[in-house]
Amino acid sequence: MSEHIVIERRGPISVIRMNRPAKKNALTRAMYATMAGVLTAGDADPSIRCHVILGVPGSFSAGNDLADFLAVAQGGEGGTEVYDFLMALAQLQKPLVSGVDGVAVGVGTTINLHCDLTFATPRTVFHTPFVDLGLVPEAGSSLLGPALLGRQQAFALLGLGEAFSAERAHAAGLIYKVVSEESLDTEVFAAAEAICAKPPEALKIARDLMLGDRKALVARIEEEARHFRARLTSEEARNAFLAFMARKKG
């Protein structure tokens, strides 16, 4: 378990709140492992009808913790925590609602491609600088992005690394609704409660029909992961990381 993940149960709603504000909710392996466990356990619990994932005020997630990235890039062995979380997302059997406020970088953006409903505040910015870091899209975003946003908007987000405001994300189909900072949690939980009030079997069938066969998504996540691991040890990625770290120190 990670001290940076707050787990809550609200009746039939399972709640994950990323809670590492000092690091803008940069995700560590322990955080990934905890979230994967909560999603898997919730899917297996018949009393759970909906999953919710939230961040803290001003930060949904700044993406992966750089220390983990650099450890792998410098020759360290990575665990399966990230993979386990992505597989839990890709194969989730119950609806997932997210509430996003502020920073949403990398996986902080791509998580939402797996959500059935995403609410975001006006100050939220979605940004996936994978290519700028010498890497490739992850979390199945290279498949889900074009399907949800259209090829050109997906290329702008995932290839060019353009930052999407909440309004642009809404117009592109990345998120469901833009809401105020003050009402974010209220809107998220109202939606989750509405989901829980639906006939569960009928909703599951409807959701499964909309999602289709998820084998292609699982295969794409695995393909992305192979490229991602290879890119992490590339000279191009090392140089990009060094330049990024230099900018942070400057």
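Nothing in this text is a laboratory measurement; each read-out follows from the coordinates by a stated rule. Predicted model, so just to flag it, every value in this text is computed and none were measured. Note that we place each Cβ from the backbone using ideal geometry, even for glycine, and neighbour counts take in every protein chain shown.
Report, for region 1-118, the % of DSSP beta bridges that are antiparallel, rounded to 5. Close to 35 percent. Between rounded, prolate and oblate, where does region 80-127 land on the alpha carbon gyration tensor, with a ≥ b ≥ c its root eigenvalues, rounded for a/c under 1.5, else prolate if a/b exceeds b/c? In terms of gyration-tensor shape, oblate.
Between the residues Cys50, Leu27, Ala154, the greatest Cα displacement towards the positive end of the dipole of the chain, with unit charges on the Cβ of Lys, Arg, Asp and Glu, is found for Ala154.
Count Lys and Arg as plus one, Asp and Glu as minus one, and take only other residues whose Cβ is under 15 Å from that of Leu27; the net charge is then -1. Counting only residues at least eight positions apart within a chain, or on another chain, the lysines with an alpha carbon under 29 Å from that of Lys94 are Lys24, Lys177, Lys198, Lys204, Lys215. Which of rounded, prolate or oblate describes region 5-182 when judged by the alpha-carbon gyration tensor and an a/c cut-off of 1.5? It comes out rounded by the Cα gyration axes. Charges were assigned to the Cβ only: +1 to each Lys and Arg, -1 to each Asp and Glu. The resulting dipole of region 5-182 about its Cα centre is roughly 320 debye. Taking 0.36 nm per residue of separation and subtracting the current Cα-Cα distance, fully stretching the chain between Leu148 and Asp213 would add 21.8 nm.
Within region 1-33, whose backbone N sits under 16 Å from a point 7 Å along Cα→Cβ of Arg123? The answer is 21-25, whose backbone nitrogens lie closer than 16 Å to the label point. Mean residue ellipticity, 222 nm, helices only, the chain: the sum of -39500 (n - 2.57) across DSSP H runs of n ≥ 4, divided by residue count and rounded to 500, is -14000 deg cm²/dmol. When only alpha carbons are used to place a centre, region 162-200 and region 1-41 end up 19 Å from one another. Restriction of the GluC sites (Glu not before Pro) in region 197-237 to DSSP coil positions whose beta-carbon has at most 15 other beta-carbons within 10 angstrom yields no sites. Neighbour counts of other Cβ atoms within 10 Å put Thr40, Thr109 in the fewest-to-most order Thr40, Thr109.
Among beta bridges identified by DSSP and lying wholly in the chain, the antiparallel ones come to about 30 percent.
If a/c stays under 1.5 just call it rounded; otherwise compare a/b with b/c (prolate if a/b is bigger, oblate if not). Do that for region 97-250, with a ≥ b ≥ c from the square roots of the Cα gyration tensor eigenvalues. Taking the square roots of the gyration eigenvalues as a ≥ b ≥ c, region 97-250 is oblate. List the residues of region 177-211 whose backbone N lies under 17 Å from a point placed 7 Å from the Cα of Val6 along the Cα-to-Cβ direction. In region 177-211, the label zone of Val6 (backbone N under 17 Å from the point 7 Å along Cα→Cβ) covers 181-190. In terms of other Cβ atoms within 10 Å, Phe60, Phe241 run from fewest to most in the order Phe241, Phe60. For Ser14, Ser165, the sequence from fewest to most other C-beta atoms within 10 Å is Ser165, Ser14.
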